[in-house]
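Here is the structure we will look at.
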Amino acid sequence: MPLWFLPALIALFAIASLAAGIWLLLHLQDVARVFKGDRVGEMVRGPGHRRATSAAVWTALVVFNTGWIACIVIWIFVLGGEANTVVNAKG
C-alpha cells in the first residue's frame, strides 16, 4: 500500500462526514421530525415545509457517524504502529 493511501482514506471519510454534517444542519427541522416525542419538553419541529424523508435523515446520520468513527479507527491504526507493516514507504 502506498504511503499516501491512509491519509487519503482519512480525507475521504472526513469529507463524507463533513458533507453529511452540513446536510443535517441544513435539514434540522427534518431531524427534529424524526426524533420528535410526545412528552412535554421534548424536541418539536418548527414551522415550515417537510423537505427530506426519514430515510434521507437516517442515511445522513449513518454517513456522518461512519465517517468520523472510521477516521478515528484509521488514526488509531496508524498511531499504534500496525500501519508500518502494510505501508510501502519506497513508493
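The values are calculated or read from the model by the stated rules, or taken from the named source; none is laboratory data. As the structure is a prediction and not an experimental result, all values here were calculated from the model. Note: ideal-geometry Cβ built from the backbone for every residue, glycine included; neighbour counts use all protein chains shown.
Things worth noting here:
- Per the listing LEU9, LEU24, the residue uniquely at pLDDT 80 or above, under 20 Å from TRP75 (Cβ atoms) and assigned to a helix (DSSP H, G or I) is LEU9.
- The one condition in (1) of a type outside the set (Asp, Glu); (2) assigned to a loop (DSSP other than H, G, I, E, B); (3) at pLDDT below 80; (4) surrounded by 14 or more Cβ atoms within 10 Å (Cβ to Cβ) that ALA83 fails to fulfil: (2)
- Test result for ARG45, at pLDDT below 90 and surrounded by 15 or more Cβ atoms within 10 Å (Cβ to Cβ): yes
- Of the residues ARG50, ARG33, the single one that is assigned to a helix (DSSP H, G or I) and touching a Lys or Arg at 6+ places or on another chain (Cβ under 9 Å) is ARG33.
- Failed condition for ALA55, given (1) surrounded by 11 or more Cβ atoms within 10 Å (Cβ to Cβ); (2) modelled with pLDDT of 90 or more: (1)
- When THR66, THR53 are checked against the criterion of being hydroxyl-bearing (Ser, Thr, Tyr) and touching a residue at least 40 places away in the same chain (Cβ under 8 Å), a single residue qualifies: THR66.
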